[in-house]
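So the structure is just underneath, and the comments pick up after that.
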């Protein structure tokens, strides 16, 4: 690595990393962007004692990095608000500017995706009557800042996660960029897709456009499929772009990602976005109120974040045995419960693609857990049960089946509601 100090400093830039730098310093823990447990484990692994080499910057820089995020965001918002027209817009300003500067620039929605979404394109060769609606939703959403903002955040978070502990980088080698993208893909991408789809059917119902859709040849099932695939496609384009760009920029530091592994990761990323889009469309269909649908999304995200605690409680209720990740029970059901959430489950599949042991934790955390003197609540099947597949339902292929269930079951409920409830 040509500039190790620069990459270490880059690891402090995100608001979460800067916050953890400050709290680690306040608690007297080795200063670094990881949580307290991770910093202590890394120190014991690297030096054998509770001390690390000098950090690249003073811990006070973490305060500056943390404070800069709200200040720059507020400053940018004020600047845009003062200089921009308050009228509603439906296209990214950068695209309008480029088209104004270069009139011959091909329109993104009419040229770049014509073979996929245009009339007579690839999707028209597929069975069903959902294609016009999917095309409309794709072209409507691909012009909005939301989808490109999600893709940009995935890219930025991936870049900021490229410099974990050296033993993690050594273990993963050229696969490190994909490991750095696991959390951004699942949480930033997943939550972004949820917030970009939970109003899809509600908005159509509130504006009355749902009556026009119902009067066309598109079936009720085709309507839900069209909303799901159209919006999933719009989010998949910038997210895939962010993944590819992260891998390209990481070449000088980590080398070229093996193309087979990268292709598998990209295919799964598109599949994951489709699953989450289906869940968002289902919530939008089941709940007639946008406020209730939005609150449901917030509760869902909160449960995902606190799932380790929730899974411990669920296991205790099911078996009557108290459990935690620091000392997992010998029953594989405990690991299965940790798999269930749709924002944790993707790590199981992507870990297999990247080539690390079976776990619902990201690859970098799994590598860290395999080191000596580790203490965390992460459960790795190989360490807890002596094998990567302690039960058939813990095979990574079963995780793909569970993804399908997260897509099919909510859409099935939504379809039943859509067919039995008045469209208004």
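The values are calculated or read from the model by the stated rules, or taken from the named source; none is laboratory data. Since the model is a prediction, treat every value here as computed from it, not as a measurement. When we count neighbours, we look across all protein chains shown, and the Cβ atoms used for this are built from the backbone with ideal geometry, even at glycine.
Name the residue, out of 197, 186, that is within 20 Å of the chain's Cα centre (by Cα), assigned by TED's automatic domain parsing to the domain that holds residue 233 and under 28 Å from residue 257 (Cα atoms).
186
Would you point out which residue out of 372, 346, 362 is assigned by TED's automatic domain parsing to the domain that holds residue 178 and surrounded by fewer than 16 Cβ atoms within 10 Å (Cβ to Cβ)?
372
Would you pick out the residues in segment 315-338 that are buried (at least 23 other Cβ atoms within 10 Å of the Cβ) and either under 19 Å from the mean Cα position of the chain (by Cα) or in a loop (DSSP other than H, G, I, E, B) (or both)?
Selection gives 338 alone.
Looking at segment 379-404 only, could you name the residues that are under 27 Å from the mean Cα position of the chain (by Cα) and exposed (fewer than 15 other Cβ atoms within 10 Å of the Cβ)?
Result: 392, 397, 401, 404.
Just checking, which of 366, 275 is in contact (Cβ under 8 Å) with a residue 12 or more places away in the chain and over 21 Å from residue 385 (Cβ atoms)?
Among 366, 275, only 275 is in contact (Cβ under 8 Å) with a residue 12 or more places away in the chain and over 21 Å from residue 385 (Cβ atoms).
Need a quick list: helices (runs of 4 or more DSSP H) entirely within segment 151-197 having at least 1 residues that are closer than 18 Å to residue 33 by Cβ and touching a helix residue (DSSP H, G or I) at 6+ places or on another chain (Cβ under 6 Å).
So the answer is 166-172, 176-180.
Scan segment 135-149 and tell me whether some residue there is over 16 Å from residue 230 (Cα atoms), in a helix (DSSP H, G or I) and modelled with pLDDT of 90 or more.
Yes, some residue in segment 135-149 is over 16 Å from residue 230 (Cα atoms), in a helix (DSSP H, G or I) and modelled with pLDDT of 90 or more.
Yes or no, residue by residue, for (1) at pLDDT 85 or above; (2) touching a helix residue (DSSP H, G or I) at 6+ places or on another chain (Cβ under 6 Å); (3) under 26 Å from residue 265 (Cβ atoms):
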site: 327; (1), (2), (3): no, no, no
site: 345; (1), (2), (3): yes, yes, yes
site: 351; (1), (2), (3): yes, yes, yes
site: 356; (1), (2), (3): yes, yes, yes
site: 363; (1), (2), (3): yes, yes, yes
site: 370; (1), (2), (3): no, no, yes
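Here are 382, 419: which of them is part of a helix (DSSP H, G or I) and either without any contact (Cβ under 8 Å) to a residue 60 or more places away in the chain or within 23 Å of residue 11 (Cβ to Cβ) (or both)?
Answer to the check: 382.
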